[in-house]
Amino acid sequence: MSSSFTPSGEGATVIITGANGNLGAVVTKEFLDKGYKVIATVALESMKKDIAAHEHLEIAVVDLTNEEATGSFVQQAIDKYKAIDAALLLVGGFAMGNIEATPLADIHKQLTLNFDTAYNMARPLHKHMLQQNKGRIVFIGARPSLEAAAGKGLVAYGLSKSLLFKLAEYMNEEAKGKNVVTTVVVPSTLDTALNRKSMPDANPDNWVKPSALAAILEFAVNGVATPLRETVLKVYNNS
């Protein structure tokens with residue numbers, strides 16, 4: 001392959017973590033429909049059945065909180081596919097609570113779910129992409145990490161997500177002069193069945209459709225976005 005993607009993404013190999021989640025399932029379908037080879041990760045063997053089979057889809061069970069296991073998975077993927085062109089790191093967790101209601105243990109838990117899982121994947125993939133002089137890594141950020149008013153009641157969640165922004169800056173600084181870019185995509189509330197149930201008085205038309213976010217994630221790693229560097233994409237719709 002060349003040093004950048006074709007706009008269709010055809011033939012490019014991507015890793016998508018958390019592929020069985022509300023967002024992950026939609027993103028996985030989007031990338032398969034656009035012609036990518038997808039290596040999807042799930043946390044448990046039983047979760048494999050949540051994802052429809054496809055000739056260009058491989059599903060792996062990986063504990064992304066385990067640095068050694070994650071590194072081994074990445075190396076196996078590199079050995080098999082030779083080049084990993086992009087990674088969409090969608091695994092994460094959510095917790096409510098202001099400072100008074102948030103003990104340190106809750107922050108550590110959110111750090112494990114939102115930062116450790118991303119860092120354990122990003123570190124070996126970034127090294128691989130620098131060696132091949134091409135690649136895109138996407139983190140999922142959070143509005144409460146950017147806006148204090150949105151984050152004051154989501155302290156552990158907001159703090160854990162905030163580290164991804166700084167990590168992306170460090171990675172892009174290391175990658176200057178190479179065709180390797182880390183992007184942070186920041187969605188507001190997603191229009192999911194769970195969110196509709198938990199917020200019955202809200203207007204879901206103002207939220208972000210998972211399908212729309214999936215298309216934006218695909219844009220972030222395809223050839224059209226090649227000139228973008230150090231990008232934070234705020235996907236808020238009318239929220």
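Please treat every number below as a calculation from the coordinates, not as lab data. No experiment lies behind these values; they were computed from the predicted model shown. With ideal geometry, Cβ positions are generated from the backbone for all residues, glycine too; neighbour counts draw on all protein chains shown.
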Can you name the number of the only condition in (1) in contact (Cβ under 8 Å) with a residue 60 or more places away in the chain; (2) surrounded by 15 or more Cβ atoms within 10 Å (Cβ to Cβ); (3) more than 15 Å from the chain's Cα centre (by Cα); (4) closer than 17 Å to Ala25 by Cα that Thr226 fails? (4)
Segment 88-113 residues that are closer than 30 Å to Val74 by Cα, paired with ones that are aromatic (Phe, Trp, Tyr) and not in a helix (DSSP H, G or I) (beta carbon under 6 Å, 6 or more apart): Leu89/Phe139
Every residue in segment 138-166 that is aromatic (Phe, Trp, Tyr), under 10 Å from Asn114 (Cβ atoms) and not in a strand (DSSP E or B), please. Tyr157
Name every residue in segment 34-48 that is within 13 Å of Thr13 (Cα to Cα) and of a type outside the set (Ser, Thr, Tyr), in order of residue number. Lys34, Gly35, Lys37, Val38, Ile39, Ala40
Quick one: in segment 141-162, of everything that is surrounded by fewer than 24 Cβ atoms within 10 Å (Cβ to Cβ) and hydrophobic (A, V, I, L, M, F, W, C), which residue is farthest from Glu100 (Cα to Cα)? Leu146
Those residues that are surrounded by fewer than 19 Cβ atoms within 10 Å (Cβ to Cβ) and within 14 Å of the chain's Cα centre (by Cα), I need them from segment 164-188; list them, please. Phe165
For segment 74-95, does any single residue satisfy the condition of being farther than 21 Å from Arg136 by Cβ, surrounded by fewer than 18 Cβ atoms within 10 Å (Cβ to Cβ) and touching a Pro at 6+ places or on another chain (Cβ under 7 Å)? no
Taking segment 88-117 on its own, how many of its residues are part of a helix (DSSP H, G or I) and touching a Ser or Thr at 6+ places or on another chain (Cβ under 8 Å)? 9
